[in-house]
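First up is the structure itself, then whatever we jot down about it.
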Amino acid sequence: MKIKVGDFYGVLEMVKEGSGYDEILSKMTNQLGNFYAERLEWDKAAEFFLTAKNYKGLIEAFTMLEDYDSLAQIIEEIPENDPLLN
């Protein structure tokens with residue numbers, strides 16, 4: 001229900017309390033990252049993209065923040081078979 005109405009914080013709290021799964025946690029943190037990215041709040045977006053392991057979102061956020069050290073570090077963490085490296 002909370003997912004359908006866009007209450008991602010509510011879903012995130014439920015997951016943290018143990019009534020959810022890793023897949024849901026990843027989806028919700030990614031949605032929150034997108035929420036903040038749409039509002040150009042790149043520092044908050046990066047936090048959520050990091051938790052969701054959304055490397056594409058992280059690359060965009062760190063580029064917009066001009067945080068090249070974090071960008072270089074994330075590039076090292078991307079799995080070798082990830083299409084972002086092609």
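Just so it is clear, none of the values below were taken in a lab; they were calculated from the coordinates. Because the structure is a prediction, the values reported are computed rather than measured.
Some notes on this structure:
- Cα-based shape type of the range 16-86, given that a ≥ b ≥ c are square roots of the gyration tensor eigenvalues and the cut on a/c is 1.5: oblate
- Length released on extending from GLN31 to GLU76, taking residue separation times 0.36 nm less the Cα-Cα span: 13.8 nm
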